[in-house]
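Encoded as structure tokens, the structure appears first; notes follow it.
Values in this text are rule-based calculations from the coordinates and carry no lab data. Since this is a predicted model, take the numbers as computed values, not measurements. Positions of Cβ are backbone-derived with ideal geometry, glycine not excepted, and every protein chain shown enters the neighbour counts.
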Amino acid sequence: MLQAFTRNYQDNSTDAGFQFTFYCDICNDGYKSSFLQSDSYKKKGLLRGLGQGASIAGSLLGGRVSQVGYAGDRASNVLSQRFDGKSPEWQKEHEQAFERAQNEAKEHFHRCPNCNKYVCDHCLNEDAGLCTACAPRQEVYVAQAHAAAMKRNIDEAGQSATVWQGTIEAKTTMCPSCGKPAGSGKFCNNCGASMELNECPRCGAKNALTVRFCNNCGENLQAAAAQPSGKCSACGFENPPGTKFCGECGNKL
């Protein structure tokens with residue numbers, strides 16, 4: 001039974017040869033071992049173009065894209081083909097190649113003594129001798145805590161901030177003619193009646209044109225409208241309707 005120094009690996013071997021990719025248990029950056037040609041494959045004369053996607057030397061694979069260790073088949077890589085039904089000679093070569101690949105990859109990984117994860121150089125806290133999951137680097141953790149505190153302060157300030165000071169109110173103007181909501185125009189949206197308002201000459205309150213008495217002071221609006229205008233012909237002063245003498249210059253109206 002094959003046992004890797006880390007469980008997080010992918011076997012890329014095919015009939016043509018053997019190659020393995022080992023991954024960091026934290027960031028999933030990977031290391032691909034050197035490609036080893038199969039002697040049994042060469043003896044059969046089936047060696048064809050080993051350069052198709054196979055690296056001759058071991059190489060580091062960076063970034064999340066190297067999570068192919070969990071992905072399964074990759075049709076674009078000739079080394080990802082299945083190898084069921086191989087000969088005993090090939091299987092023995094495979095075991096030897098796997099052991100050699102592990103020894104090669106171990107130089108690029110470290111085992112955390114606390115959690116037993118195998119991690120790359122980037123995910124090892126050299127000062128603590130532990131992986132960064134068990135012992136985060138001080139400067140990184142401080143920056144993370146500072147960012148978290150900043151976001152928390154911003155959220156708290158945002159909850160108490162006043163961003164709008166308007167008045168929330170809903171007013172619906174009812175048409176005095178049809179009794180339905182008239183909208184915000186000068187004429188009713190339903191019946192077309194005029195929405196102009198009549199100003200009470202006594203208190204100045206706004207009343208609908210069809211109202212006979214002021215809804216604020218009870219003034220007879222129709223009687224007031226029938227009275228002559230109170231504008232003085234001498235000085236132009238506006239006097240209340242029905243006034244006999246101008247309150248500004250004393251002129252008889």
Check: Could you give me the ³J(HN,Hα) list for the stretch 137-148, computed from phi with Karplus coefficients 6.51, -1.76, 1.60 and θ = phi - 60°, whole Hz, x at Gly and Pro?
Finding: 5, 4, 5, 6, 5, 5, 5, 5, 5, 5, 5, 5
Check: Got a sec? Charge dipole of the stretch 104-253, +1 on Cβ for Lys and Arg, -1 for Asp and Glu; which of Ala148, Asn114, Gly183 is way out at the positive end?
Finding: Gly183
Margin query: What number results when the radius of gyration of the stretch 90-171, computed over Cα atoms, is divided by 2.2 N^0.38 Å?
Written below: 2.20
Check: With r defined as the distance between the Cβ atoms of Thr210 and Ala161 and R0 fixed at 45 Å, what FRET efficiency is calculated, to the nearest 0.05?
Finding: 0.40
Note to self: How long are the semi-axes of the equivalent ellipsoid of the stretch 135-253, defined as square roots of 5 times the Cα gyration tensor eigenvalues? Whole Å, largest first.
What the structure shows: 63, 23, 11
Check: Calculated FRET efficiency, Asn190 and Cys217, Cβ-Cβ r, R0 35 Å, to nearest 0.05?
Finding: 0.70
Next item on the list: Take peptides 21-32, 87-98, 135-146 and line them up by average Cβ neighbours within 10 Å, highest first, as a rough protection proxy.
Entry: 21-32, 87-98, 135-146
